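For reference, the structure discussed in these notes is given below.
The values are calculated or read from the model by the stated rules, or taken from the named source; none is laboratory data. Everything numeric here is computed off the predicted structure, so don't read it as measured data. Cβ placement follows ideal geometry from the backbone for every residue including glycine, while neighbour counts extend to all protein chains displayed. We work out accessible area using only protein heavy atoms, side chains counted, and drop any ligands, DNA or RNA first. Shrake-Rupley method; radii C 1.70, N 1.55, O 1.52, S 1.80 Å.
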Amino acid sequence: MSDLVPFAVAVPIVGSVLALLAGLVRSKSGWPVAVVASAVHVGVAAELARRALFEGTVRYVVGGFEVPYGIELVVDGLSATVLGLVAVVSLGVLAYARVAGPRSNPFYAAYLLLVAGLTGLTITGDLFNMYVFLEITGLAAYVVVASGDGGRSAVAALRYLLIGTVGASLFLLGLGYAYIATGTLNMGDLATLLAEYGHTTTLVQTAFAFVVVGLLIKIAVFPLHTWQPEAYAASPDSVSGLISALVSTVSAYALIRVVYTVFTPEFLAANPLARDLLGVAAAVSIVAGSVLAVAQTEVKRMLAYSSVAQYGLVIAGVSLVNETAMIGALVHLVGHAIMKGGLFLTAGLVATATGARTVDDYEGLAERLPAGATAFGVLALAMVGIPPAVGFVGKWYIALGAVETESWVLTAVIVGSTLLTLAYFARLVERMFFRETPVAAGDAEAARDDADVGADVTAADGGDRLPAPGTVSLGMYAVVVAAAALAVALGAAVFEYAALVEPTVTSLLS
Amino acid sequence: MIDVIATRYYYLATFLLLGVGTYMMIGNRNIVKKVIGVNIFQTGIFLFFIASAYLEGANPPVLTTEAPHVSPLPHVLILTAIVVGVSLTAVALGLVVRIYDEYGTLDADTLWEVRADE
Amino acid sequence: MTEIHSLRPVAAVLISLLATVPILASRGRPNVRETWTMLAALGTFGVVASMVPGVLAGDTYVTDFGTFVPEVSFALRADPLGILFALLASTLWVVTSLYSIGYMRGLDEHDQTRYFAAFAGSVASAVGVAFAHNLIVLYVFYELLTVATYPLVAHDETDEARAAGRKYLAYTFGGGVAVLAGILLVFVLTGTTDFTAGGIAGLAGADPALARAAFGLLVAGFGVKAALMPMHSWLPDAMVAPTPVSGLLHAVAVVKSGVFGIARVVLDVFGPDLVGDLGMGLPLAVVAALTLVIASVIALRQDNLKRRLAFSTVSQLSYIVLGLAVLHPMSLTGGLLHIPAHAFMKLTLFFCAGAIHVETHTDDISNMAGIGKRMPLTMTAFGIAALGMAGIPLVAGFVSKYFLLIGTVSAGQMVFTAALLVSGVLNIAYFWPVVYAAFFETPDRSDEKPVIGAALGGWVARDGADQWLASDGGAGGRDGDPTDDHGYADDHEGQGPVDSAAAAEHIDREHGPDYRPEWEHRGWTGEESTWFMLGPILFAAAGSLTLGVVPDAAVFLRIVRLVVAGATGVSV
């Protein structure tokens, strides 16, 4: 019954085509199609994840070509986690996007294509296949980013495209080196053959360097992050929620896959410099990302820079080559996706309801939009790493791994990142809860007096700068509140999850 | 050194193309030329793959004899990569058209500035 | 000693935590909301109190939720030390809730719903800190406590309050980071973080350098909330909060959670013996001794009553830390007993300061001459608590200080004995003027208080109340503040003219026997304020006396003896 595996990729692709075709018959019919496809996708992902976590790795050989010649799809504990995340988050964002999001059919076609790309990236067992899915993901991501109104999103998307393509091309180049060294592209096969070829040979080292740098561009690690803030900030709110939660996450998954499955920990042991450089990149990213986040005035840009810092934590977990840290990196990957996706969606909700988009606009938000402010506050505190939220648990595992491997500098940076994160979130929390709404926005408040929470609100200050506020649907509230609740509740579930994923991690590290 | 240049000139060409592509992406202010730069960059990588598949004295990849033959896999891979590259270029040019409609310019510096004013 | 699996420890935390929901839900109906607060307070107190007899009999109550992170279970456990803190926090929450109602309504404060909800959350976290079974769970609640109290500190939404809130977050989360790093080290060294009476066995065999680093990080981290110098500066600033907050949280729950953390580290993580072997007790004791003397000296110079109390808190907390750091069973007893003793006394003092503020808007000690006529009961309670702070027998402070002195002498560390005695004298020096002014002076006839009142660095002319000059040349006058400042002044000189103007409104020539200006007379039967405030004040003052007169009958000393016997094997 491993035939189910290809369906994980096929379902969203078919949905994508259907969404396009449905658009020919009737416009704005993309959303129901996307929901159906996404729901089926969740079902498939759940079944696959169940099997991978409880029964062991699921493998499927595409087209019946034997490994190592054919393309293999593999679902182990690691990919099952990310697969489940992709499925759930994309369905959740759909619930948000019904009222908020772009409503055209091509958008939903691209949306499902993005989901297909992410899914493929997650379950493929072939390095070149990974490149193809990386590009599919990239292409779909450029399109959805550009789906916003006005020129800003198009410029951001083009910039994203230029830099993202370079990243993917570098990945391809590195893959070429690995192929020349071994003559195979299957990940499992590559692992043994690269070891035979010699981990310290220049060829293998160069392959590693290109592949990793390519992926670091996709993940947006400082200083390779330049595409990311603008892409997140300029895209429509639903899209920034989706891509912030998934695109970099899956790229980080790809990094883990490549470093541990293809190059294996022995490679890192043989090349301590590579390991150290990853650690340095992580530390620099944590610090620089946080500092840049503090300097932002636009909330979505601030959140984007915060991602740069948080992926630093994940990379730190990867660079430690330690079981605990690895589980921590996974937990933080999932936790960050929920928290950051939730934060972006909340920011979108706030912008829709009140027109507030800059840090200063958030003054007195707790009075104007209590639910939004509370959700934002909870998610922000979870991100800071206040126990028992999931943000703390991930950080705890990673820090524990850092102490176990006696990497003191990294430990200090990881533990200290709490304060750095606090530095940019405290500004917002304070403004939301402990400042009065500025006078101009107070007028909007007055205008709203006899309207419902969900009803229209006149623009806070000067309609020409802020887009006219729109309707906030129940779905948007539901998704945001669910994200906040998950961010707290997942912390309690981490231990059971860690036990499930432990065999996978152990086999990755051996 | 001369020997390397004489026998491995295709690698040189690869890295020349990569260099030209990178330079165009960074140095050119015109966003269409930036897109062309990306294409040249990718072409460099395609050449690298194809060149690596070449074996001295090999036959075409039709298995009729026991003789050594050219590895067909890189060709197939690059065929895929070219398709990916074409769709990327299409998306990029689509974006360029939209940007031009919106701002009436293709100059990257102006565009970033316009963005900053918004 | 048996372990009883029971839901009671978690119930104590959950009752107050869940109470935030109905409190928030009944935002439009203050009476319903306050009913919920009182119900939760009484419920929490009831649950905690129900465990006391069992704990005294040697049992512990455990609720285990299974593993949180590997090797660490998320468990709540009511052991003697935990019940000491939980009983204290929950008892005083009942009292403070009543007081808060009187105070907040008396000043017609804004955002009372948020205030009461955050208050309930803070108490839930404090009880969680008390019942934590290991360092991780302790850390969880410790951080939640910071989050829950932040809205209380920044309650006023003025620039000062926000600045104080920021400082509070920065300091306490900074401390949290150090604590987390320390926990990591302990966990890696021993593979466990569970509290064990007498110390975790694995630590004794660990690398001494790393063990020292872990101890240093943990104590430095908890020391932030315990306001050890030089990490104390958030505490005086946080006095900008409403007075019940200053009272319960900054004299009881928050600062005590820091002290409690240090107590856990010394007694149940490292164990007194190991701390001594590592040589970490002495440095900590030196820091504590310096803090308690320096803070007392600073307190002398504060004219604003709440600021004086804040520095007094800084000083008194270090008594506790000193007792823990000296490591002698006697001093441990004294230090631990000082936790409830100081809580009762300092709460009385803060409540009095708050009552004075609500009734007369007088915040500066220099304007309180003769105020004993206006608020006789309040000032009497203030006097009792002040005497206790100084260590006068028959009040709570005496018993704990007695144990502390005996402990330092028995440990042969006479320097600390001297520090304690000096600080006791300073305590009298900064509290007595308040009591003296209240009862034995009148507004137009007050004595010079050169040590306290004179500007540093020389005499500066002070003619009339509208000229207020400090020796650094800064004029202390402040523009009228539209929002209530809860009796807090942002510099040590107090609020000068604003405050004397406020006081003057209540001072009338007609009240004096011979047309001298004097405070209005109010009787001794409670007409000076509402019973919402007087009741708590008298309760806390009575508590201070009970602890001082019959320490053995009050349950706290028995619990403390149990804790010390468990940790050191010596019964005192």
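Quick look at the numbers
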item	result
Any hit, the range A:357-368, residues being within 13 Å of chain C (Cβ to nearest Cβ), touching a Phe, Trp or Tyr at 6+ places or on another chain (Cβ under 8 Å) and more than 21 Å from residue C:147 (Cβ to Cβ)	no
Matching residues, the range C:391-413, being outside any helix (DSSP H, G or I) and more than 18 Å from residue C:327 (Cβ to Cβ)	C:391, C:392, C:393, C:394, C:395
Subset of the range A:194-247 [polar (S, T, N, Q) and closer than 20 Å to residue A:175 by Cα]	A:200, A:201, A:202, A:205, A:206
Filter result (buried (at least 24 other Cβ atoms within 10 Å of the Cβ) and over 21 Å from residue B:89 (Cα atoms)) within the range A:121-152	A:121, A:122, A:123, A:124, A:125, A:126, A:127
The range C:147-169, residues that are open to solvent by less than 10 Å² (accessible area, probe 1.4 Å) and either of a type outside the set (S, T, N, Q) or under 22 Å from residue C:77 (Cβ atoms) (or both)	C:152, C:153, C:154, C:155, C:161, C:164, C:165, C:168
Residue satisfying all of: in the range A:418-442; over 23 Å from residue A:308 (Cα atoms) and among the aromatic types (Phe, Trp, Tyr); modelled with the highest pLDDT among these	A:433
Selection from the range C:24-64 of residues that are among the aromatic types (Phe, Trp, Tyr) and more than 30 Å from residue A:371 (Cα to Cα)	C:45, C:61
Which listed residue, of A:8, A:49, is touching a Ser or Thr at 6+ places or on another chain (Cβ under 7 Å) and in a helix (DSSP H, G or I)	A:8
Residue satisfying all of: in the range A:38-70; open to solvent by 60 Å² or more (accessible area, probe 1.4 Å) and of a type in the set (Asp, Glu); farthest from the chain's Cα centre (by Cα) among these	A:66
Exclusive hit being touching a Lys or Arg at 6+ places or on another chain (Cβ under 9 Å), part of a helix (DSSP H, G or I), hydrophobic (A, V, I, L, M, F, W, C) and open to solvent by 20 Å² or more (accessible area, probe 1.4 Å), set A:88, A:14, A:35	A:35
Output for the range C:177-209, where each listed residue is within 14 Å of chain A (Cβ to nearest Cβ), open to solvent by 50 Å² or more (accessible area, probe 1.4 Å) and assigned to a helix (DSSP H, G or I)	C:188, C:209
Restricting the range A:129-148 to residues that are without any contact (Cβ under 8 Å) to a residue 60 or more places away in the chain and more than 9 Å from chain B (Cβ to nearest Cβ), the residue that is farthest from the chain's Cα centre (by Cα)	A:129
Helices (runs of 4 or more DSSP H) fully within the range A:166-275 counting 3 or more residues that are open to solvent by 10 Å² or more (accessible area, probe 1.4 Å) and closer than 17 Å to residue A:314 by Cβ	A:202-219
Filter result (open to solvent by less than 10 Å² (accessible area, probe 1.4 Å), more than 7 Å from chain B (Cβ to nearest Cβ) and more than 12 Å from residue B:91 (Cβ to Cβ)) within the range A:153-162	A:153, A:156
Residues satisfying the stated conditions in the range A:413-423, i.e. more than 7 Å from chain C (Cβ to nearest Cβ) and more than 20 Å from residue A:326 (Cβ to Cβ)	A:420, A:421, A:423
Test: residue in the range A:278-301 that is assigned to a helix (DSSP H, G or I) and within 25 Å of residue A:188 (Cα to Cα)	yes
Filter result for residue A:141 (assigned to a helix (DSSP H, G or I) and more than 19 Å from residue A:267 (Cα to Cα))	yes
